[in-house]
Amino acid sequence: MTLVRKITDGDIAKPGVTGLCAGANLRTPCGERRVEFLRKGDLVVSRDNGLQAVSLIWTQTVSAAELAADPSLAPVTLAPRAIGPMMPQKPLMVGGAHRLLIPGWRIDDEDDAENCLVAARDVDGLELGSDVPDEDLVYYNVVFDSPQVFCANGLPVESFMPSEDAMMHIPKAAKEDLRKTFPDLGPKFKDYPAPSYKLRERVSYTPDFA
C-alpha cells in the first residue's frame, strides 16, 4: 500500500521554523523532562548513540502578530498515534520545518528498512497553520555535538543541525551562540557531521492508524 505520495514543486513549503514547543517531553537518565526545562550539559537518551549531552538550546519566539500575518510560522500539531502506535504518545507541537523520523516502509519509492527524516509540514492530513495560536509562541531547538535523533513525547525527531542552509533562517542571536559553541567549525559549519539518516523533503505521509 502506498502511504506517502510525492508533491509537486509548487506545493513545497517555504523554509519555515524548526523546534519543539513547550510541553514536549524528552527522555533523560532521570526520567522525562520537558524541553523548556533542559539546560546545556543535560543528558538526553538518543536513538542510536546512548546518552548525549546537550551542547546548546536556542529559542525562537514568534509573536502573535507574526503568526497572524504568516500562518506558516504556526506549529504542526501531531495527535496521539499520528505517525504510529505510541508515536506520539500525546499531542506534540513542532515547527513546520522540523524533521521527524519516518520508517521507510511508509514512504513511497523507499526501501522498507530505510528510515528517513521528513519535515513535519509534509505529513499529509496535518494542515500547517490551521490552528494559529493567538499568543506568542516559543520554539526550542536542541543541539548536540553531532546530529542525533531523540524521542519527544515518544516520537523520534531530529536535533537541530547547523547547516549552511539552516543558518540562513535562524535569529542572529542564535547564530552567535552556535558560533561560540562550535568555534572550530567555521562560520558556515561545513565540518558539522552529516545526519546518519536519509533526508526526504518532497513527500507527505498518510497515517492509517486508528
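Please pick out the residue among Arg106, Arg5, Arg81 that is open to solvent by less than 70 Å² (accessible area, probe 1.4 Å), at pLDDT below 95 and basic (Lys, Arg).
The conditions single out Arg106.
Sort out which residues of region 182-193 are touching a residue at least 24 places away in the same chain (Cβ under 8 Å), open to solvent by 40 Å² or more (accessible area, probe 1.4 Å) and over 20 Å from the mean Cα position of the chain (by Cα), and write them in order of number.
Lys188, Lys190
If you check Val94, Val44, Val118, Val76, which single one turns out to be crowded, with 21+ Cβ neighbours inside 10 Å, free of Cβ contacts under 8 Å to residues at least 60 places away in the same chain and either within 21 Å of Ala166 (Cβ to Cβ) or within 18 Å of the chain's Cα centre (by Cα) (or both)?
Val76
Conditions (1) touching a helix residue (DSSP H, G or I) at 6+ places or on another chain (Cβ under 8 Å); (2) of a type in the set (Gly, Ala, Ser); (3) more than 30 Å from Arg179 (Cα to Cα), marked per residue:
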| position | (1), (2), (3) |
| --- | --- |
| Ala69 | no, yes, yes |
| Ala79 | no, yes, yes |
| His98 | yes, no, no |
| Glu110 | yes, no, yes |
| Ala113 | yes, yes, yes |
| Val123 | no, no, yes |
| Val143 | yes, no, no |
| Ser146 | no, yes, no |
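Kindly indicate whether any position in region 162-176 is under 13 Å from Leu20 (Cα atoms) and buried (at least 16 other Cβ atoms within 10 Å of the Cβ). Give the derivation first.
Initial filter on region 162-176 (under 13 Å from Leu20 (Cα atoms)): none.
So far as region 162-176 goes, no, none of its residues is under 13 Å from Leu20 (Cα atoms) and buried (at least 16 other Cβ atoms within 10 Å of the Cβ).
Would you be able to tell me the number of residues in region 48-64 that are under 20 Å from Ala173 (Cβ atoms) and either of a type in the set (Ser, Thr, Tyr) or open to solvent by 30 Å² or more (accessible area, probe 1.4 Å) (or both)?
So the answer is 6.
Residue by residue, here is whether (1) part of a helix (DSSP H, G or I); (2) over 20 Å from Tyr139 (Cβ atoms); (3) aliphatic (A, V, I, L, M); (4) at pLDDT 80 or above holds:
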| position | (1), (2), (3), (4) |
| --- | --- |
| Ile170 | no, no, yes, yes |
| Glu176 | yes, no, no, yes |
| Ala194 | no, yes, yes, yes |
| Ser204 | no, yes, no, no |
| Pro207 | no, yes, no, no |
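Restricted to region 17-38, and to residues that are part of a strand (DSSP E or B) and in contact (Cβ under 8 Å) with a residue 12 or more places away in the chain, which residue is surrounded by the most Cβ atoms within 10 Å (Cβ to Cβ)?
Leu20
With the requirement that a residue be open to solvent by 30 Å² or more (accessible area, probe 1.4 Å), within 13 Å of Val62 (Cβ to Cβ) and among the small types (Gly, Ala, Ser), what does region 127-161 give you?
none
The values are calculated or read from the model by the stated rules, or taken from the named source; none is laboratory data. Keep in mind it's a predicted model, so treat the numbers as computed, not measured. Don't worry about glycine lacking a Cβ; one is built from the backbone with ideal geometry, like all the others, and counts go over all protein chains shown. When the accessible area is computed, the model is the full protein with side chains, heavy atoms only, and any ligands, DNA or RNA have been set aside. Shrake-Rupley method; radii C 1.70, N 1.55, O 1.52, S 1.80 Å.
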